[in-house]
Amino acid sequence: MFKSRQYRAKATEYGELVKGSAGAEEGRKFQALEDRFVSLADNEQGLADAYRDAVHGDEHDGPRGAALAAEEEHVLRCLGAAVILQWNTLPNLLQREIFDTAGSVGKLLDTAALRGQIARFLHKHKNDAGRGKRPLTEDARFAAALSRWDNEGGAVPTGLST
């Protein structure tokens, strides 16, 4: 895979070829190639900067960034636990997509090992997930959602609505 420096080196090569080109048509072709490699270099640099900021952003923010990273990790753990608890109720296609996505997170060389760990974990806990419950019907889901909404203060007692 090309890096920003390699794209810039290629752009420089084509820039030199533009200067030494024999005809206008040849010069335009080399100029287009130079512009293309400059654009690729800029894109690659932008992606690298965005990745660095996303992955190492908390290092620049000091204690506030560390607290934010810890909070995000907690949220991700909660979401992951919720998915595992409902795993058996998820459609097979969605299970496969989640498995594939989770298996591709991380370093490319560790993908096979990570997928193996995930598969073993899911197999080990297959009877724990969903606690053997059957999927809720649409009416039961609506009732559960309404109950949660009401318990969280979402419902307005009769006579208080405007």
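Exactly one condition in (1) modelled with pLDDT of 85 or more; (2) within 30 Å of R115 (Cβ to Cβ) is false for E16; which is it?
Here E16 clears every test but (2).
Pairs please, first residue from the range 79-92 and under 15 Å from A119 (Cα atoms), second anywhere and polar (S, T, N, Q) and modelled with pLDDT under 85, Cβ atoms under 9 Å, 6+ apart in sequence or on different chains.
Hits for this filter: N88/N127.
Which ranges mark the helices (runs of 4 or more DSSP H) fully within the range 85-162 that have 2 or more residues being under 30 Å from Y51 (Cα atoms) and either in contact with a Ser or Thr (Cβ under 9 Å, 6 or more places away or on another chain) or modelled with pLDDT of 80 or more (or both)?
Details: elements: 92-103, 111-124, 138-151.
The qualifying helices (runs of 4 or more DSSP H) are 92-103, 111-124.
Which condition number in (1) out of contact with any Asp or Glu (no Cβ under 9 Å at 6 or more places or on another chain); (2) surrounded by 12 or more Cβ atoms within 10 Å (Cβ to Cβ); (3) modelled with pLDDT under 85; (4) more than 19 Å from F121 (Cα to Cα) is the one that V38 fails?
Every condition holds for V38 apart from (3).
Working carefully through the options A69, A50, find the one that is in a helix (DSSP H, G or I), of a type outside the set (S, T, N, Q), in the same structural domain as V105 (by TED's automatic domain parsing) and at pLDDT below 85. Please lay out each step first, then the result.
Details: A50 fails: in the same structural domain as V105 (by TED's automatic domain parsing).
Exactly one residue qualifies, and that residue is A69.
The values are calculated or read from the model by the stated rules, or taken from the named source; none is laboratory data. Small disclaimer: the values here were computed from a predicted structure and weren't measured. Positions of Cβ are backbone-derived with ideal geometry, glycine not excepted, and every protein chain shown enters the neighbour counts.
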